[in-house]
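Colleague: There's a structure below that I have some questions on.
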Amino acid sequence: WFAGDLTMHEAQCERLRALCCGSGSECEVRLYPFTMEGASVAALGAVRLAAGERDDVHAFVPNYTQLTEAEVKLKESREKGAGA
């Protein structure tokens, strides 16, 4: 299953689907293109609230998928310093 913003990978997913499903094997390739929107996040939260679930907002830890510009520069300067 491939889910999310598939704009960069949709062609490869379709190629995999053609290879896998065209070979007579029992594999299945599913594509679920979507982008996360505020309304979707709110709907998921409403379900959790209705079920009585709660989170401590002060315990949240961000999970960034990309380094900030400052982190990239710090990493580069450390690598240059270690190589000198």
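Colleague: What is the sum of charges, Lys and Arg at +1 and Asp and Glu at -1, for the other residues whose Cβ falls under 15 Å from the Cβ of T65? Before the final figure, lay out each step's value.
Modeller: Values: positive: none; negative: D5, E69, E71.
Once all neighbours under 15 Å are counted, the net charge is -3.
Colleague: Within the chain, which is the longest segment containing none of the trypsin sites (Lys or Arg not before Pro) that sit in a DSSP loop and have at most 10 other Cβ atoms within 10 Å?
Modeller: 55-84
Colleague: At 1.4 Å probe size, with no ligands or nucleic acids counted, give the accessible surface of V72 in Å², nearest ten.
Modeller: Around 60 Å² of this residue is reachable by solvent.
Colleague: Count neighbours as other Cβ atoms within 10 Å of each site's Cβ, and list the GluC sites (Glu not before Pro) in the chain that are DSSP loop with at most 16 such neighbours.
Modeller: E26, E28, E37, E53
Colleague: What figure, in Å² to the nearest 10, do you get for the accessible area of Y32 with a 1.4 Å probe and non-protein molecules left out?
Modeller: The accessible area of Y32 comes to roughly 90 Å².
Colleague: Now, a different point. Please report the relative contact order for the chain, taking Cα pairs under 8 Å with a sequence separation of at least 6, and give it as a percent rounded to a whole number. Walk me through the intermediate numbers first.
Modeller: Numbers: 37 pairs, mean separation 22.1, N = 84.
About 26 percent, as a whole number.
Colleague: Let me ask you something else. When the chain is fully extended, how far beyond the present Cα-Cα distance does T68 get from E37, taking 0.36 nm per residue of separation?
Modeller: Working: separation 31, 0.36 × 31 = 11.16 nm, distance 2.25 nm.
Full extension of this stretch gives 8.9 nm more.
Colleague: May I ask you to work out the translational diffusion coefficient for the chain at 25 °C, viscosity 0.890 mPa s, via Stokes-Einstein with Rh from the Kirkwood sum over Cα pairs, reported in whole µm²/s?
Modeller: Here the translational diffusion coefficient equals 139 µm²/s.
The values are calculated or read from the model by the stated rules, or taken from the named source; none is laboratory data. Keep in mind it's a predicted model, so treat the numbers as computed, not measured. For neighbour counting, all protein chains shown are included, and Cβ atoms are generated from backbone atoms with ideal geometry for every residue, glycine included. Calculation scope for accessible area: heavy atoms of the full protein, side chains included, ligands and nucleic acids excluded. Shrake-Rupley method; radii C 1.70, N 1.55, O 1.52, S 1.80 Å.
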